[in-house]
1. Treat every Asp and Glu Cβ in the chain as -1 and every Lys and Arg Cβ as +1, leave all other atoms uncharged, and give the resulting dipole magnitude about the Cα centre to the nearest 20 debye.
2. Over the chain, average the accessible area per residue using a 1.4 Å probe and give it in Å², no decimals.
3. Which ³J(HN,Hα) values, rounded to whole Hz and listed in residue order, are derived for region 231-240 from phi using the Karplus coefficients 6.51, -1.76 and 1.60 in 6.51 cos²θ - 1.76 cosθ + 1.60 with θ = phi - 60°, glycine and proline given as x?
4. Quote to one decimal, in nm, the extra length available between residue 15 and residue 367 on full extension: 0.36 nm per residue of separation minus the C-alpha distance between them.
5. Compactness ratio of region 337-478: Cα Rg over 2.2 N^0.38 Å, N = residue count?
6. For the cross-link pairs 223/442; 50/174; 6/72; 16/131; 34/242, which exceed 32 Å when the distance is taken from alpha carbon to alpha carbon?
7. Which residues make up the longest stretch of the chain that has no GluC sites (Glu not before Pro) in a DSSP loop with at most 16 other Cβ atoms within 10 Å?
8. I'd like the distance between the alpha-carbon centres of region 315-385 and region 177-254, rounded to an integer number of Å.
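The values are calculated or read from the model by the stated rules, or taken from the named source; none is laboratory data. If you're wondering where the values come from, they're calculated on a predicted model, not measured in any experiment. Reconstructed Cβ throughout: ideal geometry from the backbone, glycine too, with neighbour counts over all protein chains shown. SASA here: full protein model, heavy atoms, side chains in, ligands and nucleic acids out. Shrake-Rupley method; radii C 1.70, N 1.55, O 1.52, S 1.80 Å.
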Amino acid sequence: MTRRGKVAYVIVGDNKRIEIPDLQRVRLGVGRLKGLRCIHTHLNKEPLSKEDITDLVLLALDLMVSIQVDEKGIPGPISYAHILPKNHRAQGWHATTVPDIGQLNTDFLALIQSLEDELMRTDGSQKTYEKERAVLVGVTSGSTWRAQESLDELQDLAESNDLEVVDTVVQHVKKANPRLLIGKGKLTDLVLRCLQIGSNLLVFDKELTPAQVKSLTDATELKIIDRSQLILDIFSRRAVTKEGKIQVELAQLKYMLPRLATKNTAMSRLTGGIGGRGPGETKLEINRRRVRERITRLNRELKQIGRQRGDRRRLRNAKKLPVLSIVGYTNAGKSTLLNALTHSQVAVGDRLFETLDPSSRRLRFPREREVIITDTVGFIRDLPEALMEAFAATLEELHDADLLLHVVDASSPRMEEQIKAVETVLANLGLRSIPSLLVLNKCDRLDHSETAALTRNTKGTTISALNPKTFSGLLDQIEQTIWPHFATPLISVENHPLL
Ligand SMILES: Nc1nc2c(ncn2[C@@H]2O[C@H](COP(=O)(O)OP(=O)(O)OP(=O)(O)O)[C@@H](O)[C@H]2O)c(=O)[nH]1
Ligand SMILES: [Mg+2]
């Protein structure tokens, strides 16, 4: 029954169960309830069951009401439950039973109104949130510590995508539930938490199968996305050039294709991306055939652009200038280093995936020597496959490099893992045979002993991209690798022509 008192659905079940149909898919605002009460009969002389409460929460119903009916069909005690704005005694809902209908004198409209008011007010008094509020969920059968660390990175990703992270949760599962990933009980807790803290977006720190996204979306009133979709969303916000935009749309379509359910009730919520960005709801409400056609067309366009880029590349190679490519984990400081070395203004930002489009600059060394230095898109562990494919052509250029500068954020607590992730990507791209230098950046954030220990353990060169005075060791190494037969004596920083 709707909040206005109209009957919305009539559902018939038996004495064991009733099946609630797919309720009309209206997207709920933050802190909003569905505007529906489920009123049903219980034939077994029991008040509300556990399943009733689960449905109340998962479907964000205004009320769940059960009327006990005896053998003769005479209605008896009535129970009703609603969600609570905050957990009282570890229980996020409240149930009441009255002996008969004559004693049911609650003003339900006022009750629901005050409930919604409070749900929207839980974290202060503002009613509209500026950013979309997300709850991040790590699911693990292993160590909590690892899952937490991985969630830290997911938080960076979410914040880079302008989301406000309102809670992070690690869920332990003995064995992943193939349908919902986590058990229904845990899912109910999560949904309740979201309702209470005003979030309608769950971000899973894991790639969900198309079936899982669908069943999670169907089972709850929340928007469900996974890490890959979050990364794709960031890329779609950052793409600037035509090539970048095509690459990202291609990756999004490839990611979506297996997720285009044939009976797609959840589709529009699934594909809207965060805040309805991404390829756009209308654009994606097209069927698979059209998606495939578009993929083919984009691939063709990409090839065309690739050919032009190939021409430029050949021109550059014809000049026989050595090529130096900066690679590394996202946010390591690659663009900052390129800017500092070449006095240029590639955009730099303290968020993940600032740079998507490669850029090249000239870098002059003493004795009339020059190299081309290129900045590339940052890497990340478990990069979605669709993105890797879409960016293959851009990354292809790395094969031209004579030397790779692997820039590392030495101040990151996840440094080692990040180095490994980059090495894995390089290996997958078949680039391990190109000489590479490990550049330990952001050393201004470390103290002397930490820097010394790092240099010893990793054999890398320490720098701070913010301070060109720290570059002399790095420049020496570059020279010695690129022109080994020219080995110049160490040039002091003061009169180094580059600095
Ligand atoms: N303290 C400190 N911060 C740095 C240093 N180098 C870069 N940063 C900062 O780190 C952030 C990321 O720098 P970027 O140069 O955009 O990093 P990137 O590797 O190009 O990142 P993506 O393009 O996103 O992959 C910026 O806020 C920089 O100012 C450094 O040596 N020390
Ligand atoms: Mg960059």
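1. Charge dipole of the chain: 1660 debye, to the nearest 20.
2. Ligands and nucleic acids excluded, the figure is 49 Å² per residue.
3. Result, rounded to whole Hz: 5, 4, 4, 4, 4, 5, 6, 8, 4, 10.
4. Separation in residues times 0.36 nm, less the Cα-Cα distance, equals 117.7 nm.
5. With N residues counted in region 337-478, Rg over 2.2 N^0.38 Å equals 1.05.
6. 223/442; 16/131; 34/242
7. That would be 369-493.
8. 31 Å
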